[in-house]
Amino acid sequence: MAEECVVVKTAVQWYGVSPILSASPWMRQAFADLSELRQLKDNWDGYSSPAIESRVLEQAGRVLSALEVEDAPSLSISPVPGGGVQLEWQCAGRELEIEILPDCTLQFLAVFGGGMEEGVVPSPSIDVIRCLFEWLLEG
């Protein structure tokens, strides 16, 4: 059974211990995109998907905060039917998707050349997330 994710309260300028205003431009945009997902209501997709819970968005924020890079490849953030969030990067022929499920479990899909690997990110996940992102950047 997946562990309950810990809810971290956020203020306007701070996430965890890092001031958002001093974050890189891609990170500020990513948090703005996550904030927009808070506006989605139940049935946002026309197929009865629930609104995305704050704890899922906060888990996505923790994932992004773990990526300590100034310049990151283009990031796509999108809601997932069922109440999850997907983070997706593409870089030098590689693709990394991290999906935060409604129970805050993290899954990944890494696509490279003609292959792919997928799995569940164990908790605590910070080191695994960093390792996956470094793999993407090595392209």
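Classify the range 14-138 as rounded, prolate or oblate, taking a ≥ b ≥ c as the square roots of the eigenvalues of its Cα gyration tensor: rounded when a/c is under 1.5, otherwise prolate if a/b is larger than b/c and oblate if not.
Because a/c hits 1.5 or more and a/b fails to exceed b/c, the range 14-138 counts as oblate.
Once the piece of chain linking Ser78 and Glu138 is laid out straight, how much longer is it, given 0.36 nm per residue of separation minus the C-alpha distance between them?
Net length gain for the segment: 19.2 nm.
What FRET efficiency, computed as 1/(1 + (r/R0)^6) with R0 = 30 Å and r the Cβ-Cβ distance, is obtained for Asp103 and Ser24, rounded to the nearest 0.05?
According to the calculation, E is roughly 0.50.
Can you list which of the chymotrypsin sites (Phe, Trp or Tyr not before Pro) found in the range 36-139 are DSSP loop residues with at most 10 other C-beta atoms within 10 Å?
Values: sites: Trp44, Tyr47, Trp89, Phe108, Phe112, Phe133, Trp135; in loops: Trp44, Tyr47.
Hits after loop and neighbour filter: Tyr47.
Note down the net charge around Leu87, summing +1 for each Lys or Arg and -1 for each Asp or Glu among other residues with Cβ under 9 Å from its Cβ.
Combined, the nearby Lys, Arg, Asp and Glu give -3.
Could you work out how much longer the chain between Ala32 and Glu70 gets when fully extended? Use 0.36 nm per residue separation minus the Cα distance between them, nm to one decimal.
Working: separation 38, 0.36 × 38 = 13.68 nm, distance 1.70 nm.
Roughly 12.0 nm would be gained on extension.
What is the gain in length, in nm to one decimal, between Tyr47 and Ile126 on full extension, counting 0.36 nm per residue of separation less the C-alpha to C-alpha distance?
Values: separation 79, 0.36 × 79 = 28.44 nm, distance 3.29 nm.
So the extension gain works out to 25.2 nm.
Starting from the Cα of Leu40, step 7 Å along the direction of its Cβ; do the same at Phe112; then give the gap between the two resulting points in nm.
3.0
Computed from the coordinates by the stated procedures, all read-outs in this text should not be read as laboratory data. Note that the structure is predicted; figures quoted are calculated from it, not measured. Virtual Cβ from ideal backbone geometry, glycine too; neighbours counted across all protein chains shown.
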